[in-house]
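S.K.: Can you keep this structure in mind? I'll have questions shortly.
The values are calculated or read from the model by the stated rules, or taken from the named source; none is laboratory data. These numbers were taken from a predicted model, which means no experiment stands behind them. For neighbour counting, all protein chains shown are included, and Cβ atoms are generated from backbone atoms with ideal geometry for every residue, glycine included. Surface areas here come from the heavy atoms of the whole protein model, side chains and all, with no ligands, DNA or RNA. Shrake-Rupley method; radii C 1.70, N 1.55, O 1.52, S 1.80 Å.
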Amino acid sequence: HAAIPKTVIELLGLPALGVPRVDSSPSLAAHVDPLLTRAEPPAPGSTITQPTAPNPPPRPHQPAPWSGPLNHPMPALVTLDGSSLPAPADGLVRPKPPKPPKNP
């Protein structure tokens, strides 16, 4: 997740954050189209009409379990255009996500 602040820092031309994990993280800025434009957001107080929900609602599906090796460094991320981004160097692929810490 350190690539997200690194990308924002790079896109906005900000100085390094001073957090080694963020500062050494790969950036996704090269994948952002600088010519991309977005519609102007609605003015405060405007009425926004939400689209109607699909009927019947789509059913969620459970993703397939990871078929790669466990307890090894994470593999590189393959992007839609076929290029790859390096994975964080401090993570291992585990069979189950870690449990959140218990609050005292």
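S.K.: Provide the per-residue ³J(HN,Hα) series for region 63-79, in order, calculated from phi with Karplus coefficients 6.51, -1.76, 1.60 and θ = phi - 60°, each as a whole number of Hz, with x at glycine and proline positions.
M.R.: Ordered by residue, 3J(HN,Hα) equals x, 5, x, 4, 9, x, x, 9, 6, 10, x, 5, x, 5, 7, 9, 8 Hz.
S.K.: Right, another one. Could you sort the peptides 67-79, 19-31 by per-residue average Cβ neighbour count (10 Å cutoff), highest mean leading?
M.R.: 19-31, 67-79
S.K.: What is the extension gain from D33 to A76, computed as 0.36 nm multiplied by their sequence separation minus the C-alpha to C-alpha distance, in nm to one decimal?
M.R.: Stretched fully, the D33-A76 segment lengthens by 13.3 nm.
S.K.: At R0 = 35 Å, how high is the FRET efficiency between N55 and H1 if r is their beta carbon distance? Nearest 0.05 is fine.
M.R.: 0.50
S.K.: Specify which labelled value, from (i) 6.8; (ii) 13.0; (iii) 9.4, agrees with mean projected area of the Cα convex hull in nm² derived from the coordinates of the model shown.
M.R.: The calculated read-out lines up with (ii).
S.K.: Okay, moving on. Express the accessible area of the chain per residue in Å², computed with a 1.4 Å probe while the remaining protein chains stay in the model.
M.R.: Using a 1.4 Å probe on heavy atoms only, each residue of the chain averages 93 Å².
S.K.: Show the residues, 5+ positions off or on another chain, whose built amide H is closer than 5 Å to the amide H of L77.
M.R.: Residues meeting the amide H criterion: L85, A87.
S.K.: Moving on. Tell me what the chain gives for mean residue ellipticity at 222 nm when only DSSP H runs of n ≥ 4 count, each as -39,500 (n - 2.57), the sum divided by the residue total, rounded to 500 deg cm²/dmol.
M.R.: Estimated from H runs of four or more residues: -3500 deg cm²/dmol.
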